[in-house]
Amino acid sequence: MQIYRKSAFVLAAQSALAAILLAGMAPAGAQEIDIGEIVVTPNRAPGDKAKTGSKVEKVTKEDIEKQKKPTVLDYLTLVPGVHVASPGGTGQEASVSVRGADKKYVKTLFNGIDISDPTSTQVQTSYQHLLSGGVTAIEVLKGSQSTLYGSDAVAGVIGISTLGDIEPGIHHDVMMEGGSFGTVRGGYTLSGASDTGKAAASIYGLSTDGISSALVNGNPLVDSTPNALERDSYRNVTATFAGEKKLSEQFSVFGSALFINSSGDYDDSGNPPTDNEVNVTRSTQKAGRLGFNLDLLDGRFRNTVSAQIFDIDRDITSAAVFDFGGGPIRSDFVGNWKGRRHKFDYQGAFDAADWATVQFGADYEQQFAAATDNFGTNTSDDMSIAGAWGQLVLDPVDNLTLTAAYRHDEHSEFGGYGTYRFSGAYLLPGSGTKFHASVGTGFRAPSLYELYAPFGTGNPDLQPEESLGFDVGVEQRFLDGRLVADLTYFQLDTENLIDYSYSTFSYVQVPGVTHRNGIEASLTWAATSWLDLGGAYTYTRTRQPDGQPRPRIPEHDIGLTATVRPAEKWSITATAHGVVNVTDRVGSGGSAFDVKLKDYLLIDARIAYKPTEATEVYLRGENLLNQDYQLVRGFGTPGAAVYAGFKATF
């Protein structure tokens, strides 16, 4: 109950902040202007997606509303080139890959805040804790993006926003849902806008009894079964705020905040995994960002200054039983990790001509991590990295956009490193055909754990991992833009890999190149006024320096969506997700071996009825074929499930 009281306090504070921001805003006379499909991540500023050479996918607020699924992962899994694998049910540590590259190679920004965990073995985002409540857009920018975003943006950038287009006035959104596995979720969003600003504050919660992550004879047993395993429950309360306010024609301020309190059970890994009734992980994440925009020279010279902070406090409680011949001995472990990131950022843009814009920026980041446990192996370390970058955006002729960028970073441990990126987009006049391509380098700085882990396992001499990636594709529009198809070839090579060596018992640089390449194909079709169709296919081939494929990366990944509106107040949305030929790695070091996982096809559907324009009730089903499948070797996944919910807007 303490969690919920604290979250209610956070909501009250955020609601007050939203009220202050919106105070005095006069919605009268405000007009909504359609400026086309805008994306932010490719050039770190709002821009026309049609002029973007880098490949970027966007999950819109409409897409989220159609499916009403509980987590951000539920939407990422249908994005071409993205694969999600979790060892168990909701809340379990999620493996997310983009174009065959693990999540340690993906930068994630929540309302502009870097939310990767500096206390992890590798700096990476805990996607399993990101609820979809209040989220209005998810952008997935693919390809090497370190030139604009620095370390870790080797495979791409995922941008999550809770501040989308808001109608003038004050709005309230309430939703509640319950269903299988003892699952309950709900939340509230307060939003408002006028011609001088907009803001949104929300609080959402999720509680589920879950399933047992460990399998027995291939089945995720639950406590209704004889000799059953413990259900691995999960709880999450998330509060967010985002807003921007225009104080004059030249000056505006913005801010965002994030609070996540989560706890969940988990089972022991191994071959096979084993049930554990003691293991619990808890975490509290707090983050904030403030900044301002200053436009000079009649808007030709634009400046953005911001500062952000991310703080994480997480605990793990676990127990193991050993028997060395004298009887069973139980060993308890209690560990705590605290991490913090401070970041300061400047970004500028100058329109040198109607066809030429110069972008530039600089940033400075500090990371801190401390670990304590009941074994006394306490540690505390920090690092810093500073970078400066510049980009030239050119429209030399009609329908052609080119970019060229370079960045240099200075790391407190390994020194300097430079990266570059080029992209181009050309729209063939009168044809609806767009050619797009990008090429860039990237790097992943060693984490604090890889550098300074206790017992000599850390290696302060580590250098950054390096990457070179490119993609080239064509997008074709038919039927006045109602049918859009895209085909893209991609390739990503990484080298100087940082990995743990079981021969030296430390982190080392692994020689050789990890190669990834494949094809992404997508299609969206607004077939009629009552039918929307979509499809995506990704072929991914991965090879490590030893010639083996990367684990948990499917060779073939297929996603299909359909929305039908059979009557004025009814809508039905169905999705199908199929995976073919995926392996997982079992064991570690020289004893590791690959195991092929079973192919699967998951069918989900949602039927909704709107009694009024402001209310909606729905029924949602997941894994309707009751597929028996695994995403991670030896760990269970939920069977068929049904959920019912409602939403009201006023």
Plugging the Kirkwood radius over Cα pairs into Stokes-Einstein for the chain, at a temperature of 37 °C and a viscosity of 0.692 mPa s, what D comes out in µm²/s?
127
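Return the calculated 222 nm mean residue ellipticity for the chain, to the nearest 500 deg cm²/dmol, obtained by summing -39500 (n - 2.57) across DSSP H runs with n ≥ 4 and dividing by the residue count.
When only DSSP H runs of four or more count, the value is -2000 deg cm²/dmol.
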Set Lys and Arg Cβ to +1 and Asp and Glu Cβ to -1, take the dipole of region 502-590 about its Cα centre, and tell me which of His515, Trp530, His577 lies farthest positive.
His515
Given charges of +1 on the Cβ of Lys and Arg and -1 on the Cβ of Asp and Glu, with all other atoms neutral, how large is the dipole of region 495-650 about its Cα centre, in debye to the nearest 20?
140
Taking only the alpha carbons of region 127-174, the radius of gyration and the largest Cα-Cα distance, Dmax, both in angstrom, are 14.6, 41
Cα-based convex hull volume of region 282-371 per residue, rounded to whole Å³:
128
Quick one: give the max-minus-min coordinate of the C-alpha atoms of region 384-494 along each principal axis, largest first, in Å.
64, 26, 19
Taking the dipole about the Cα centre of region 271-394, with the C-beta of Lys and Arg at +1 and of Asp and Glu at -1, give me whichever of Tyr346, Ala386, Asn293 is farthest to the positive side.
Asn293
Treating every alpha carbon of region 234-349 as one equal point scatterer without solvent, the Debye formula yields log10 I(q)/I(0) values at q = 0.17, 0.18 Å⁻¹ of -0.92, -0.97
Let me have the relative contact order for the chain, percent, based on Cα pairs under 8 Å that are six or more residues apart.
12
Do the alpha carbons of any pairs in Lys58/Lys343; Lys61/Lys596; Lys58/Lys286; Lys107/Lys647; Lys66/Lys142; Lys69/Lys343 sit beyond 28 Å of each other, and which pairs?
Lys61/Lys596; Lys107/Lys647; Lys69/Lys343
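Evaluate the charge dipole of the chain about its Cα centre and quote only its size in Debye, nearest 20, assuming +1 on the Cβ of each Lys and Arg and -1 on the Cβ of each Asp and Glu. Write down the numbers at each step before the final one.
Values: 54 positive and 76 negative charges, 139 e Å.
Once rounded to the nearest 20, the dipole reads 660 debye.
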Its Cα gyration tensor gives region 138-294 an equivalent ellipsoid whose semi-axes in whole Å, largest first, are 40, 22, 12
For the chain, with the dipole built from +1 on Lys and Arg beta-carbon atoms and -1 on Asp and Glu ones, taken about the Cα centre, which of Leu597, Gly205, Ala562 lies farthest toward the positive end?
Ala562
Rounded to a whole %, the carbon-and-sulfur portion of the accessible area of region 412-559 at a 1.4 Å probe is 61
Here region 529-534 yields Karplus 3J(HN,Hα) values (6.51, -1.76, 1.60; θ = phi - 60°; whole Hz; Gly and Pro given as x) of 5, 10, 9, 10, 10, x
Give me, ordered by chain and number, the residues 5 or more places off Gly112 or on other chains with an amide H under 5 Å from its own placed amide H.
Ile160
With θ taken as phi - 60° and the coefficients 6.51, -1.76 and 1.60, list the Karplus ³J(HN,Hα) couplings across region 350-360 in order, rounded to whole Hz; mark glycine and proline as x.
10, 7, 5, 7, 4, 10, 9, 10, 9, 10, 7
Distance cut-off 17 Å, percentage of C-alpha pairs in region 517-650 lying past it:
69
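Residues of region 299-407: accessible area per residue at 1.4 Å, in Å²?
Result: 51 Å² of accessible area for each residue.
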Calculated from backbone phi, Karplus (6.51, -1.76, 1.60) coupling profile of region 112-123 in Hz, x at Gly/Pro:
x, 9, 6, 10, 6, 8, x, 8, 6, 3, 10, 5
How large is the charge dipole for region 451-545, taken about the Cα centre, if only the Cβ atoms of Lys, Arg (+1) and Asp, Glu (-1) carry charge, to the nearest 20 debye?
260
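The values are calculated or read from the model by the stated rules, or taken from the named source; none is laboratory data. Note that the coordinates shown come from a computational prediction; the quantities given were computed from them, not determined experimentally. Positions of Cβ are generated from backbone atoms using ideal geometry, with glycine treated the same way; all protein chains shown enter the neighbour counts. Each accessible area value is taken on the protein alone, full model and side chains, heavy atoms only, with ligands, DNA and RNA left out. Shrake-Rupley method; radii C 1.70, N 1.55, O 1.52, S 1.80 Å.
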